[in-house]
Structures are given as C-alpha cells and as structure tokens.
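The values are calculated or read from the model by the stated rules, or taken from the named source; none is laboratory data. What you are looking at is a predicted structure, and each value in this text was computed from that prediction instead of being measured. For neighbour counting, all protein chains shown are included, and Cβ atoms are generated from backbone atoms with ideal geometry for every residue, glycine included.
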Amino acid sequence: MREDSDLIVIRGLVASCLVGVEEAERAHRQRIAIDLELSVDVRAAGRSDDLADTVDYAALRRHVLAAAEGGEFRLIERLAEVVAEVCLKDRRVAAVRVALEKPGALRRARCAGVVIIRERGAEEGSV
C-alpha cells in the first residue's frame, strides 16, 4: 500500500468463527478481532458528501462477517485471505491491510495473529 494513499479504517470488528487446527479449537466458535485498512481514493466522496462515491462501511462489514462466520478455517492465514478477497471485490479498493487477532490462542500470550496486505492485480503479477 502506498504511504500517500487515502485510507478507510475499520478497527475492532469482532467475528465468531470456526477456526483452528486442534479438535478442541474446532468444537466451538471463537472470537476473532479484525482490523481493516482500505486504500481508497476518497476525494469524490469528500466533494460530493454522497455514500455512492465511497465504500459503504456497513455493507462491507456485513460481507466480511458473512464470509468469516459462514466458513470453517484451520488457519487464521486462510481467514485473512478470505477477508482480503471480500474487500477487494469493491473495485474502488486498490489495496487492503487485514490484521486478525485470535485471543487466547497461545498460553501466556494475549493473542496470536496475522497481518497481510493485498493489492488489486497482485495475484496476476501486476499492481
């Protein structure tokens, strides 16, 4: 993500997910904290004051939660990829930074987590 890009930020989104490698982890849903940073040019929305000119945060939240809570994952790395894919479905999103935390995943640690950055077109080798 470019340092000079505009960012839309959603912090502390909480999903209840089936995620884990161990049988005991998969026996019940676990709380996953999700932080998102979306690289989006927000100038048009800043001028128009119209939701149609930007990413609809509430709709994005619904889509992310549906994907996270509707699937089953062994690794939070896979969950992070799915969340990034959901965010990049909106063509206005040039890149996304997804940070996931799984509280209590490791003894004597507050949480374990991953941070990924995905850019539109990077999967084809172009950014």
Count of segment 37-71 residues which are part of a helix (DSSP H, G or I) and either closer than 20 Å to A84 by Cβ or of a type outside the set (D, E) (or both): 22
Contact list, first residue from segment 1-23 and surrounded by fewer than 16 Cβ atoms within 10 Å (Cβ to Cβ), second anywhere and aliphatic (A, V, I, L, M) and assigned to a loop (DSSP other than H, G, I, E, B), beta-carbon distance below 7 Å, six or more apart or interchain, is D6/V42
Being in contact with a strand residue (DSSP E or B) (Cβ under 6 Å, 6 or more places away or on another chain) and modelled with pLDDT of 95 or more is the requirement here; does A95 meet it? yes
Report yes if D53 is surrounded by 14 or more Cβ atoms within 10 Å (Cβ to Cβ), over 17 Å from the mean Cα position of the chain (by Cα) and either over 14 Å from L7 (Cβ atoms) or modelled with pLDDT under 95 (or both), otherwise no. yes
Within segment 66-82, identify whether any single residue is at pLDDT 95 or above and either within 12 Å of I8 (Cβ to Cβ) or of a type in the set (S, T, N, Q) (or both), and answer yes or no. no
Tell me, please, whether a residue that is farther than 23 Å from E3 by Cβ, among the acidic types (D, E) and either in contact with a Leu (Cβ under 8 Å, 6 or more places away or on another chain) or not in a strand (DSSP E or B) (or both) can be found in segment 96-117. no
For the condition in contact (Cβ under 8 Å) with a residue 40 or more places away in the chain and surrounded by fewer than 16 Cβ atoms within 10 Å (Cβ to Cβ), what is the one hit in I117, I76? I117
